[in-house]
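Below you'll find the structure, written out as structure tokens, and then a few comments.
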Amino acid sequence: QVQFVESGGGLVQPGGSLTLSCAASGVSFSTYVMSWYRQAPGKERELVAIIGAAGGINYADSVKDRFTISRDNSKNTVYLQMNRLKPEDTAVYLCKGRGFAVEYWGQGTQVTVSS
């Protein structure tokens, strides 16, 4: 059974930090391109960060220099370290795994940045 399960969301004050995790099972994780997306109420889903199977990385301009994506293939897990969070980072964060001709989404984890 294929599963992608996010965790680590929560409420944080502006300027704070959170680390999200997405644990995958049932797939050949090391061959997958992994990405984080977010969706705020009333807005379209947007790509936040992506890490390739070989480790190539890209970020949305809005999070560059604040967020860091990484992966641990031994744990079948991708991470998103988020620093200097802003209220506009508030959204449901979802991970996506893309393999050969398939893609899977997690259920999402809520991140709320508010004082």
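Each residue of the stretch 106-113 in turn: what ³J(HN,Hα) in whole Hz from Karplus with 6.51, -1.76, 1.60 and θ = phi - 60°, glycine and Pro shown as x?
With coefficients 6.51, -1.76 and 1.60, one gets x, 8, x, 9, 7, 10, 10, 10 Hz.
Excluding residues on the same chain fewer than 8 positions from Lys75, give the lysines whose Cα lies under 26 Å from its Cα.
Correct list for Lys75: Lys64, Lys96.
Write out the trypsin sites (Lys or Arg not before Pro) in the stretch 60-110 meeting two conditions: DSSP loop, and at most 12 other Cβ atoms within 10 Å of their Cβ. Walk me through the numbers before you get to the answer.
Values: sites: Lys64, Arg66, Arg71, Lys75, Arg84, Lys96, Arg98; in loops: Lys64, Arg66, Lys75, Arg84.
Qualifying residues, ordered by number: Lys64, Lys75.
In square angstrom, what is the accessible area per residue of the chain with a 1.4 angstrom probe?
52 Å²
I'd like the accessible area for Leu11: 1.4 Å probe, protein heavy atoms, all chains in place, Å² to the nearest 10.
Surface accessible to solvent at Leu11 totals approximately 130 Å².
What is the chain by shape, rounded, prolate or oblate, if you read a ≥ b ≥ c off the alpha carbon gyration tensor as root eigenvalues and call it rounded for a/c under 1.5, prolate for a/b larger than b/c, and oblate otherwise?
prolate
Go from 0 up to the bin containing the longest alpha carbon distance in the stretch 59-115, width 10 Å each, and give me the % of pairs per bin.
Final binned percentages: 19, 48, 29, 5, 0.
How much net charge surrounds Thr90 when only other residues with a Cβ under 12 Å from its Cβ are counted (Lys, Arg +1; Asp, Glu -1)?
Computed value for this residue: +1.
Treat each spin label as a single point 7 Å out from the Cα along the C-beta direction, and report the Val27 to Asp65 distance in nm.
Result for the modelled spin labels: 3.2 nm.
Using 0.36 nm per residue of separation minus the Cα-Cα distance, give me the extension gain between Ser7 and Gln39 in nm, one decimal.
9.9 nm
The values are calculated or read from the model by the stated rules, or taken from the named source; none is laboratory data. Keep in mind that what you see is a predicted model, and the values were worked out from it rather than measured. No Cβ is skipped: glycine too gets one built from the backbone with ideal geometry, and neighbour counts run over all protein chains shown. All accessible areas refer to the heavy atoms of the entire protein, side chains included, with ligands and DNA or RNA removed. Shrake-Rupley method; radii C 1.70, N 1.55, O 1.52, S 1.80 Å.
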